[in-house]
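Everything on this sheet refers to the single structure shown next.
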Number of protein chains: 2
Amino acid sequence: MPARLAVTMGDINGIGPEVLAQALTMHDASACSLLVIGDADALSAVSASTRDFNRVDDVGAWGSASAPLAIWDAGHIAPTRVPGELSAETGRCAMEWTRAAVELALAGTVDGIVTCPINKEGIRLAGYDCMGHTDFIAELVDAPEYRMSLFAGGLRAVHVSAHVPLAEALRLLTRERVADTIRIAHDGLKRLGIVRGRVAVAGLNPHAGENGMLGHEDREIILPAVDECRAAGIDCTGPLVPDAVFRHMQDGRYDVVVAMYHDQGHVPLKLAAMDEAVNVTLGLPIVRTSVGHGTAYDIAGKGLAKPDSLLAAMDVAARLSNSNVEHAR
Amino acid sequence: MPARLAVTMGDINGIGPEVLAQALTMHDASACSLLVIGDADALSAVSASTRDFNRVDDVGAWGSASAPLAIWDAGHIAPTRVPGELSAETGRCAMEWTRAAVELALAGTVDGIVTCPINKEGIRLAGYDCMGHTDFIAELVDAPEYRMSLFAGGLRAVHVSAHVPLAEALRLLTRERVADTIRIAHDGLKRLGIVRGRVAVAGLNPHAGENGMLGHEDREIILPAVDECRAAGIDCTGPLVPDAVFRHMQDGRYDVVVAMYHDQGHVPLKLAAMDEAVNVTLGLPIVRTSVGHGTAYDIAGKGLAKPDSLLAAMDVAARLSNSNVEHAR
């Protein structure tokens, strides 16, 4: 049975409606039924072919009828789309659509949610007090121990910390936090249907500290966390040399890398496969993926945006939703 | 005229002699004449075809005769090769061969040097008080402001700091040091024959600090350094988002990335092109490149080592040696 996914439109003045309109005509309907939460007019303004989509008022009806594709505004009507224009109101709509998607996921009406990008400045203007989407969602579902993950072209990274200054990432690095991240990464693989997932844990310092000569954290913080998780039955290895471990994952030795800070995972994965990058929030009680790009106001309305990341985000969400199925690795 | 390069054999118990023997039969003789500094017996033990190479006692004669390929032991005879065995004596020979190469470069007998890997444990056993090759060479040529650079498959990174703990890299990040690195990177491009080289300067924090929300160094340290160098006529841009800048270099927008710490440059470049990775020490009065791998004791003697990195190191050294020639970009 196809996974039922809610896809939020994000900030309509960004590229969200453009990538969404393209993705809706290209996505794998056998893998997922989609409920778009957003503004039908913004969508049909960028693509005539979306005018016939099923606009629903009663979401319960969508769920039971399992129409493959429908659009719902969740009671929040956006202003007319002005590509590239910063707006508190489009920011507000984006957040409320997200809230509606989360509620559907918690209620079991959908199996997972996929989010298009919001504009951080826009949501701040609208009065939301959060760094972005992910914090907002984590708060709604009351899950403080989530981890930002990036999946890109077969590579996967789960981050011990995410949107914090690098100096703060060093302070956040504790044995407990690393061990939690290893467990979350391992569970994420299981939800993907990868049994006996192989977790590589990167070191923090150059050469993973070279036996303490290039830093103490690798031996004193990361190694004990790896040992703890191995003792609990997780197939994990580390701390591994950061400038080799991503290559080893690419070669098929590992299924995921636990990265010690945002850029340790993001820099290599986005170089290897930027267009297909998908953000995955692991450690939540619901399935949530997001495109790997932002609103890109600079190219909004110009027909340049590509739907690759959104299609990949739908694909990953569908896989994560079918965790009872055992996929081939 | 081909560049005259001294190639040191490194620790003979590592893979140095193996990659060297292969590279000597494959290198581009029109681009470089090679003087191997090392042990002829170690070389002929791994490859019968190297037995006929010209063993020289008088290096002055090699220079003037410009024989395309010769071997010189610089008065340091190594013990019999035992692949994978840690040895103070092979460590000592590796370092003294390096010293001899540096002296030839300073004297102008060769145009540049290329080094095969040493074993850090071995040189420590032999009583050398340095982190590795690069410090040793920098001390010999009295150049404190050198920068470790990595060239790999068309990508180039010059690092503000190298073999230090990440926490120490944050402490070393000053406006002066970043500006020096930009200048060294720009000069390096010029030596490669790239006129009007385009220097991208990476940020330190996620999203290059996102206007100060994710760290202050990007705005307070890196930006002023970039401004200073632009005012001095260097085509440099930054601080740029770390997880996008390497992709932009790959797309041809920049010729080099100035990386804020070891792994910021090493992680993406080694993922993109590990086999071709070349270490380049910029900021020295001599040309010096090195293979991007170590002694690899675990595979030494097994016929598994590949010469790609050494061949690339020779190629880069030859290009850097011909700085008076203007190459196409």
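Bear in mind these aren't lab numbers, they're just calculated from the coordinates by the rules spelled out. This one's a predicted model, so the numbers in the text were calculated from it and none came from an experiment. Positions of Cβ are generated from backbone atoms using ideal geometry, with glycine treated the same way; all protein chains shown enter the neighbour counts.
Some points to look at:
- Degrees, to the nearest 10: B:262-273 long Cα axis against longest axis of chain B: 70
- Pseudo-label separations to other copies for A:Glu145 - Cα-to-Cβ vector, 7 Å, nm: 5.0
- Every helix of 4 or more DSSP H residues in chain A counts as -39500 (n - 2.57), and over all residues that averages to -11500 deg cm²/dmol at 222 nm.
- If the chain linking A:Glu139 and A:Ala107 were pulled fully straight, counting 0.36 nm for each residue of separation and taking away their Cα-Cα distance, it would gain 9.9 nm.
- Rounded to the nearest 10 degrees, the inclination of helix A:88-107 to the longest alpha-carbon principal axis of chain A is 70 degrees.
- When the Gaussian network model of chain A links Cα atoms closer than 10 Å, the mean-square fluctuations of A:Gly112, A:Gly301, A:Gly212 top out at A:Gly212.
- Sorted from shortest to longest, the distances between the A:Lys190 label points of this copy and the other copies are 6.0 nm, with each point 7 Å from Cα along the line through the beta carbon.
- Within segment B:145-283, DSSP assigns beta bridges of which about 50% are antiparallel (rounded to the nearest 5).
- Label distances, nm, A:Met26 versus same residue in remaining copies, Cβ-directed 7 Å point: 3.8
- As a length-normalised measure over Cα pairs under 8 Å and 6 or more apart, the relative contact order of segment A:145-283 settles at 41 percent.
- Inter-centroid distance (Cα atoms) of segment B:104-179 relative to segment A:171-233, Å: 30
- Partners of A:Lys306 within straight-line reach, counting aspartates and glutamates whose Cα lies under 15 Å from its Cα and excluding those fewer than 8 residues away in the same chain: A:Glu18, A:Asp275, A:Glu276, A:Asp298.
- Relative to the longest principal axis of the Cα atoms of chain A, the long axis of helix A:16-26 makes an angle of roughly 90 degrees.
- Cut-off of 10 Å, at most 13 other beta carbons, DSSP loop: longest stretch of chain A lacking such GluC sites (Glu not before Pro): A:146-325
- Distances between placed amide hydrogens fall under 5 Å for B:Ser33 paired with B:Ala3, B:Arg4, B:Leu5, all partners being 5 or more residues away or on another chain.
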